[in-house]
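The values are calculated or read from the model by the stated rules, or taken from the named source; none is laboratory data. As the structure is a computational prediction, the values presented were derived from the model and not from experiment. Neighbour counts run over all protein chains shown; Cβ positions are idealised from the backbone, glycine included. Please note that ligands, DNA and RNA were not included when accessible areas were found on the heavy atoms of the full protein model with its side chains. Shrake-Rupley method; radii C 1.70, N 1.55, O 1.52, S 1.80 Å.
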Amino acid sequence: MTRELFDTAIVGGGAAGLSAALVLARSRRSVVLLDAGAPRNAPAAHMHGFLSRDGFPPSRLLEIGREEIASYGARLVPHSVTSVTGDAGDGFVLTTDEGVEIAARRIILATGVEDVLPDIPGAREAWGRFLLHCPYCHGYEVGDGSLAVFGGVPGAVRHALLLRQWSSDLTYFANGSAIAEEDARLLGARGIRVNDGRIAELLLDGESFRGVRLESGDVVPVDAVFLRPESRPRTELVAALGGVVDGAGFAHLDASGRTSVPGVWVTGNLVDPRGQVITAAGHANAVAMDVNADLVDDDVRVELLETR
Ligand SMILES: Cc1cc2nc3c(=O)[nH]c(=O)nc-3n(C[C@H](O)[C@H](O)[C@H](O)COP(=O)(O)OP(=O)(O)OC[C@H]3O[C@@H](n4cnc5c(N)ncnc54)[C@H](O)[C@@H]3O)c2cc1C
């Protein structure tokens, strides 16, 4: 049986994947978008900083995106892609977790990142509500309260200095790390309290947050804790195609989103884990145009071969 060959398969249906799908479907390309349905900001009730959609439920933005791409004929497959083979010459074959195979000339990966949370009770439950990472997403809403920073992870002191912009009631928990003299000076200069304790638990009480429990047993009441988690890019599919993935898991060669595998691009948080919804969507918009240009070149090459 001959498989339908899509011009582009997009893996990941968050803001980036949907944005790429919209541009390509409007370029009259056949598009299939495969999505496992777990966008990074799913735990958050509201999305901020997206011009004209500030405060929107993130799920609603994606729902509208799916309606838009469907109206241009893009096909949506609500499943995870588990493997990919092939190349840009003969086409790629993607296999879903249901064993369905889909063929495509080009691939855009918009699979996002996994935020690695501390292995302490309450962290997962509080994530996106009381355990936060992004001052630009949540800082305005919690800025009047008493905030804490989960220290002892890379970039934590800088994170605390940034958060001081939103709240003057800020505690830096060292979490067992030694604080360099210069860091102590910077935190002190901004009136940020330093607590040497190690956070053992985030205390949730139903829908409200009580604060942190330290290993010493002390409970420190705060309204929210900020953490800079490690964000692991989901680039396994690039690696499976033999592409170069760096030590931190990134696969793009430059800001254009091209990878070392011809015909495969990455976009959204896969290129910039600090990217917001609007920047993830914006990057994907540009990637989609690059992919369309590449397909145009391929179409010309094929026509020339056929008329020889
Ligand atoms: C708690 C929280 C709150 C946030 N709040 C804001 C905010 O207020 N404003 C803002 O601008 N940004 C916010 N962000 C950042 C925002 O989540 C990201 O910028 C945005 O989600 C990036 O979009 P993306 O499309 O690159 O990735 P994602 O939205 O993460 O989408 C990736 C998609 O790919 C799917 N996927 C992964 N692997 C596969 C696979 N193998 N096969 C098929 N599908 C797959 C996933 O299930 C997911 O649906 C927040 C982030 C967090 C964690």
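Looking only at residues of the range 80-119 that are in contact with a Lys or Arg (Cβ under 8 Å, 6 or more places away or on another chain) and not aliphatic (A, V, I, L, M), we find that the one that is nearest to Val153 (Cα to Cα) is Asp115.
For the residues Arg228, Arg301, the requirement of being under 16 Å from the mean Cα position of the chain (by Cα) and of a type in the set (D, E, K, R) singles out Arg228. With respect to the conditions (1) polar (S, T, N, Q); (2) in contact (Cβ under 8 Å) with a residue 60 or more places away in the chain; (3) near the ligand (Cβ under 10 Å from one of its atoms); (4) open to solvent by 40 Å² or more (accessible area, probe 1.4 Å), Thr279 falls short on a single one, namely (2). For the range 26-54, how many residues meet the condition of being hydroxyl-bearing (Ser, Thr, Tyr) and either outside any loop (DSSP other than H, G, I, E, B) or free of Cβ contacts under 8 Å to residues at least 12 places away in the same chain (or both)? Result for the range 26-54: 1.
Restricting attention to the range 86-136, the residues that are away from the ligand (no atom under 13 Å from the Cβ) and of a type in the set (Val, Ile, Thr) total 2. Check the range 68-78 and report whether any residue there is assigned by TED's automatic domain parsing to the domain that holds Thr259, assigned to a strand (DSSP E or B) and either more than 14 Å from the ligand (Cβ to nearest atom) or open to solvent by 60 Å² or more (accessible area, probe 1.4 Å) (or both). Yes, the range 68-78 has at least one match. Exactly one residue out of Gly17, Gly12 is in contact with a strand residue (DSSP E or B) (Cβ under 6 Å, 6 or more places away or on another chain) and either basic (Lys, Arg) or near the ligand (Cβ under 9 Å from one of its atoms) (or both): that is Gly17.
Candidates Gly197, Gly247, Gly243, Gly191: the one that is part of a loop (DSSP other than H, G, I, E, B) and open to solvent by 80 Å² or more (accessible area, probe 1.4 Å) is Gly247.
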